[in-house]
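Colleague: One structure, pasted below without further comment.
The values are calculated or read from the model by the stated rules, or taken from the named source; none is laboratory data. Please read these numbers as outputs of a predicted model, since none were measured by experiment. Here the Cβ is made from the backbone with ideal geometry for all residues, glycine too, and neighbour counts use every protein chain on show.
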Amino acid sequence: MTARIQTWGDAAAIGLSALCMIHCLALPLLAAALPFLGLFTEAPWVHWVFAATAAPIAVWSLSRPMSDGRRNWNLLGLGGIGVLLLFLAAAELPSHELETPLTILGGLLLATAHGLNWRKRSHEH
């Protein structure tokens, strides 16, 4: 049962990372065609919501011990860097111009950590 819940957490996190990347890459293109969507794509709260949602899922999913009781600190660190980049992008640090690249890089790192975690846990059983 715990493995099923763990797999769900990784799957949810990967899905959230994918939505985040779609938001960053696809919505600006749609915003050019539909000015109303431009309000949504440029809203700072959207990035904060994605980051604030990703952080607890990442901590919960990546910090849970494996079946042997050990934690995978490498994956937790990789996911932590991804979450940090998401928050830096939401805060537009160091600049507004780096918001999209930082968001994409953070999402990719976080999705990679969850994908590796999912794979590692599926091979445990």
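Colleague: Among the residues of the stretch 86-125, write down those that are β-branched (Val, Ile, Thr) and surrounded by fewer than 22 Cβ atoms within 10 Å (Cβ to Cβ). Let's see the steps before the verdict.
Modeller: So in the stretch 86-125, the residues β-branched (Val, Ile, Thr) come out as 100, 103-104, 112.
Passing the criteria: Thr100, Ile104, Thr112.
Colleague: Can you say whether Leu37 is part of a helix (DSSP H, G or I), at pLDDT 90 or above and either farther than 16 Å from Ala13 by Cβ or not aromatic (Phe, Trp, Tyr) (or both), as far as the supplied structure shows? Working first, answer last.
Modeller: Values: part of a helix (DSSP H, G or I): yes; at pLDDT 90 or above: no; either farther than 16 Å from Ala13 by Cβ or not aromatic (Phe, Trp, Tyr) (or both): yes.
No; evaluated as a whole, the condition is false for this residue.
Colleague: So, in the stretch 73-85, of the ones that are surrounded by 19 or more Cβ atoms within 10 Å (Cβ to Cβ) and more than 18 Å from Ala52 (Cβ to Cβ), which residue ends up nearest to the chain's Cα centre (by Cα)? Step through it out loud before you land on a result.
Modeller: As a first pass, look at the stretch 73-85 and keep what is surrounded by 19 or more Cβ atoms within 10 Å (Cβ to Cβ): 75, 78-80, 82-83, 85.
If we keep only those that are more than 18 Å from Ala52 (Cβ to Cβ) too, we end up with 75, 78.
On the way: Leu75: 13, Leu78: 11 Å.
Only one residue fits best here, namely Leu78.
Colleague: Which members of the stretch 88-123 meet the condition of being among the basic types (Lys, Arg) and free of Cβ contacts under 8 Å to residues at least 60 places away in the same chain? Outline the logic, then answer.
Modeller: Start the filter on the stretch 88-123 by keeping residues that are among the basic types (Lys, Arg), which leaves 119-121.
Listed by number, the residues that qualify are Arg119, Lys120.
Colleague: Any idea which residue in the stretch 50-70 is modelled with the highest pLDDT, counting only those that are over 15 Å from Thr7 (Cα atoms) and exposed (fewer than 13 other Cβ atoms within 10 Å of the Cβ)?
Modeller: Among them, the one singled out is Pro56.
Colleague: Select from the stretch 61-72 the residues that are out of contact with any Leu (no Cβ under 6 Å at 6 or more places or on another chain) and either within 10 Å of Ala51 (Cβ to Cβ) or in a helix (DSSP H, G or I) (or both) and list them in ascending order.
Modeller: From the stretch 61-72, those out of contact with any Leu (no Cβ under 6 Å at 6 or more places or on another chain) are 61, 64-72; that's our starting set.
The one that is out of contact with any Leu (no Cβ under 6 Å at 6 or more places or on another chain) and either within 10 Å of Ala51 (Cβ to Cβ) or in a helix (DSSP H, G or I) (or both): Ser61.
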